[in-house]
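The values are calculated or read from the model by the stated rules, or taken from the named source; none is laboratory data. Bear in mind the structure is a predicted one, so any value in this text is a computation, not a measurement. Please note: Cβ atoms are built from the backbone with ideal geometry, for glycine as well, and neighbour counts cover all protein chains shown.
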Amino acid sequence: MHDRTTATISQRPANFYRAAYVIGLTILTFLICILVPEPKAGGEAGVIMQLPDSIGELYGHDQKVSDAELYILPKDTTFARKTYGLPGADDPDRILCSIILSGAERRSLHRPERCLPAQGWRIEKSDTETVPLASGRNLEVTALLLGRPATLRNGTQITRRQYFLYWFVGKNLTTPYASTRILMTYWEMLVHRVNQRWAYVIVSKDISQSWDPNGESPEQTLAELKQFIRAAAPTFMKSEMPTETASR
């Protein structure tokens, strides 16, 4: 009887702290909902939504936004999307560049680590890469090495591999991490009353060594994508443009 009473008493502090934690978390969530306003459409973006016709010697080809994206994402989400390659290059040899600009709702943007597996991709590796820009700034991007089963036209089974690089762009802000983007969004709203309209930028390319032993290796593909970003970023990121061009 004494042991049971002692055990009951010893459980009370733990139950008290657990209840206090839940109540405190509820209050904090309530305060955030009150103090942090909902994002509004029309906030200034850190990008221009027009990709150039060429990047260096690579020519751009407009790409259609999928029906699934148009259905899932809010109606005020905007897109700019092209593939870039040498004249006559097959689709697997082209670089995809895509910009998705959020509207009023936060669900316009999401972590690719969540949707890529749903598309059949396996994330083999995730790293943060640094791209030195011509302005002298360093742009950090998340680099995902992807793989999924595929069948060639001759029936050969392969593992199709791809490098998928992405980052988020706000007004004078960039981050390779979705969690940092969310924290920065709330911080700017709460402290500076600034509404960040984020853009989600993707640059990706298949690794041709997946189906051709003499093709590009993963290391070569990653280096090519980083060089592409160095050349492409100043064409759509306002922070990398001359002031008079960025203000248009």
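Condition check: out of contact with any Gly (no Cβ under 8 Å at 6 or more places or on another chain), polar (S, T, N, Q) and assigned by TED's automatic domain parsing to the domain that holds GLN209. Does GLN119 satisfy that?
yes
Across region 51-79, what is the total count of residues that are assigned to a strand (DSSP E or B) and among the charged types (D, E, K, R)?
Final tally of qualifying residues: 1.
Taking region 160-197 as the search range and keeping residues that are in a strand (DSSP E or B) and among the hydroxyl-bearing types (Ser, Thr, Tyr), which one is surrounded by the most Cβ atoms within 10 Å (Cβ to Cβ)?
It comes out as TYR163.
Considering every residue within region 83-96, establish whether at least one is within 18 Å of TYR200 (Cβ to Cβ), surrounded by 13 or more Cβ atoms within 10 Å (Cβ to Cβ) and in contact with a Cys (Cβ under 9 Å, 6 or more places away or on another chain).
Yes, that holds for at least one residue.
Among the residues of region 157-181, how many are out of contact with any Phe, Trp or Tyr (no Cβ under 8 Å at 6 or more places or on another chain), touching a residue at least 40 places away in the same chain (Cβ under 8 Å) and over 23 Å from ILE229 (Cα atoms)?
1
Looking for whichever is of a type in the set (A, V, I, L, M, F, W, C), under 23 Å from LEU58 (Cα atoms) and without any contact (Cβ under 8 Å) to a residue 12 or more places away in the chain here; the options are ALA134, ALA89, ALA80. Which one fits?
ALA89
Take ILE55 and tell me if it is β-branched (Val, Ile, Thr) and at pLDDT 95 or above.
yes
Every residue, every condition in (1) under 13 Å from the mean Cα position of the chain (by Cα); (2) at pLDDT 95 or above; (3) over 20 Å from ASP127 (Cβ atoms); (4) of a type in the set (Lys, Arg), yes or no:
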{"position": "VAL141", "(1), (2), (3), (4)": "yes, yes, no, no"}
{"position": "LEU146", "(1), (2), (3), (4)": "no, yes, no, no"}
{"position": "ARG153", "(1), (2), (3), (4)": "no, no, yes, yes"}
{"position": "THR156", "(1), (2), (3), (4)": "no, no, yes, no"}
{"position": "GLN162", "(1), (2), (3), (4)": "no, yes, no, no"}
{"position": "TYR166", "(1), (2), (3), (4)": "yes, yes, no, no"}
{"position": "LYS171", "(1), (2), (3), (4)": "no, no, yes, yes"}
{"position": "PRO176", "(1), (2), (3), (4)": "yes, yes, no, no"}
{"position": "THR180", "(1), (2), (3), (4)": "yes, no, no, no"}
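Return the total of residues in region 205-237 being touching a helix residue (DSSP H, G or I) at 6+ places or on another chain (Cβ under 8 Å) and crowded, with 20+ Cβ neighbours inside 10 Å.
Residues flagged as touching a helix residue (DSSP H, G or I) at 6+ places or on another chain (Cβ under 8 Å) and crowded, with 20+ Cβ neighbours inside 10 Å within region 205-237 amount to 5.
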